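Comments concern the structure below.
We did not get these values from a lab; they are worked out from the coordinates using the rules stated. Note that the structure is a prediction, hence the values are computed from the model and not measured. Here the Cβ positions follow ideal geometry from the backbone for every residue, glycine too, while neighbour counts run over all protein chains shown.
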Amino acid sequence: MTRSVLAMLDVRPAYTAMMAERYDLHRLDQVADKSAFFDEMGSKITAVVTSARFGLPAEVMDRLPNLEVITSFGVGYDLIDLDACQARGIRVSITPDVLTDDVADTAIMLMHATLRQLVHGDDWARSGKWAENGPMAMTRSVRGKKLGIVGLGRIGKEIALRAAPSGVEIGYFGRSRKAVDYAFFESLIELADWADILMLSCPGGDATKGIIDAQVLSALGSNGFLINVARGSVVDEPALIAALQRKVIAGAGLDVFYNEPKIDPAFAGLDNVILYPHAASGTVETRDAMGQLVVDNLNAWDDRGELITPIV
Ligand code: 8YV
């Protein structure tokens, strides 16, 4: 019997089309009367396709009594309740590895762009301020800085590998000490105090909610920069905005925000932050690889009850 699959979004048209060809695919984002849909289809759905951004809200999961598997587009699973999944025996897959290079590249791009003020420099040349006022103000060198990485997982390790040739010294903080030569810090505040650049590449979720608070930002200090490719939730955002406004830190490069995509309008008024719209994995190549891995996980489950990249 054809499996009924619920997609929370269009993961990309080509991959949605592949799934629609093989499965009885329903798009929740296209359903007007969701309650009537769940009354009719809820018990027939055995698989959900979602993404790091959409996750699976409890009110949807509760309407799917026969759910077996969730295949998610992305590596973040902070919006999927893994404990609830485990309690119900629901398996979950994500798309690790295929996005690591692009996310690590984005982190490095934001680090350089923030210290060297790429956006301000572009405006200086483009707007005629250069011709009118002469050279733009000097920026800060990456070379010789101390880079403190929060979360030395797959992405954090790749960031470190890419950052080393730029001449930075590397330290890290995380749940556990890793078999690496970089300096391990027992506490986040010690890392922030040591670092010139604090790089966030840890998972989101309850364990890391708001860990970058006013105290950590003040330890980072007025010559310090914050780069975030992790989750907006990791940062106490009002504290970050205040720190940028009052120059408690020198600047920030952010790919992620607390309230995406409706980010706090205060960010737009700051000249010491570079904003990127949660697009670290957003290349054609990586999003294709992620889409394919979502489909491959779903097919592996359908064919043989296995997942290729399970998280639980
Ligand atoms: C996702 C992400 O691509 O993987 C993650 O956790 O945040 C991004 O790479 C994006 O959220 C797509 O929904």
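Output needed: percent of Cα pairs per 10 Å distance bin for region 5-98, bins running from 0 to the one holding the longest distance.
With a bin width of 10 Å, the distribution comes to 16, 52, 29, 2.
Show log10 I(q)/I(0) for region 100-275 at q = 0.12, 0.13 Å⁻¹, two decimals, from a solvent-free Debye sum over equal Cα scatterers.
One equal scatterer on each Cα of region 100-275 leads to -0.51, -0.60.
Kirkwood Rh over alpha-carbon pairs of the chain, then Stokes-Einstein at 37 °C and 0.692 mPa s: what D in µm² s⁻¹, rounded to an integer?
156 µm²/s
For region 232-245, in order, what is each residue's ³J(HN,Hα) by Karplus, 6.51 cos²θ - 1.76 cosθ + 1.60 with θ = phi - 60°, in whole Hz (x at glycine and Pro)?
Computed from phi, the couplings for region 232-245 are x, 5, 5, 9, 6, 5, x, 5, 5, 4, 4, 5, 6, 5 Hz.
Quick check on the chain: helices-only [θ] at 222 nm, where DSSP H runs of length 4 and up contribute -39,500 (n - 2.57) each and the sum goes over total residues. Nearest 500, please.
-10500 deg cm²/dmol
Cross-link candidates for residue 178: which lysines have Cα within less than 19 Å, leaving aside residues fewer than 8 places away along the same chain?
The reachable lysines, counting only those whose Cα sits under 19 Å from residue 178, are 146, 157.
Would you mind getting me the FRET efficiency between residue 166 and residue 139? Use the beta-carbon distance for r and R0 = 22 Å, nearest 0.05.
E(calc), rounded to 0.05, equals 0.95.
Between region 6-54 and region 207-285, what is the C-alpha centre distance in whole Å?
33 Å
Place a label point 7 angstrom from the Cα of residue 187 along the Cα-to-Cβ direction, then list the residues of region 222-258 whose backbone nitrogen is under 20 Å away.
222, 235-236
Straight-line reach from residue 129: which lysines have Cα under 27 Å away, leaving out those fewer than 8 places along the same chain?
247
Most exposed first by the Cβ proxy, i.e. fewest other Cβ within 10 Å, how do 188, 275 rank?
Lowest to highest Cβ neighbour count: 275, 188.
Would you mind computing, in nm to one decimal, how far apart the modelled labels at residue 130 and residue 24 are, each placed 7 Å from Cα along Cα→Cβ?
With each label placed 7 Å out from Cα toward Cβ, I get 6.2 nm.
Compare 208, 139, 71 in a GNM of the chain, Cα atoms joined below 10 Å, and give the one with the largest fluctuation.
139
Roughly how big is region 100-275's charge dipole about its Cα centre, with Cβ charges of +1 (Lys, Arg) and -1 (Asp, Glu), in debye to the nearest 20?
260 debye
Would you work out the charge dipole size for the chain about its Cα centre, treating the Cβ of every Lys and Arg as +1 and the Cβ of every Asp and Glu as -1, and quote it to the nearest 20 debye?
Dipole magnitude for the chain comes out near 660 debye.
Over region 192-290, consider all pairs of different Cα atoms and compute the Kirkwood hydrodynamic radius from their mean reciprocal separation; express it in Å, one decimal.
So the Kirkwood estimate lands at 13.7 Å.
Restrict the search to region 151-218; then list the GluC sites (Glu not before Pro) that DSSP places in a loop and that have at most 16 other Cβ atoms within 10 Å of their Cβ.
Answer in residue order: 186.
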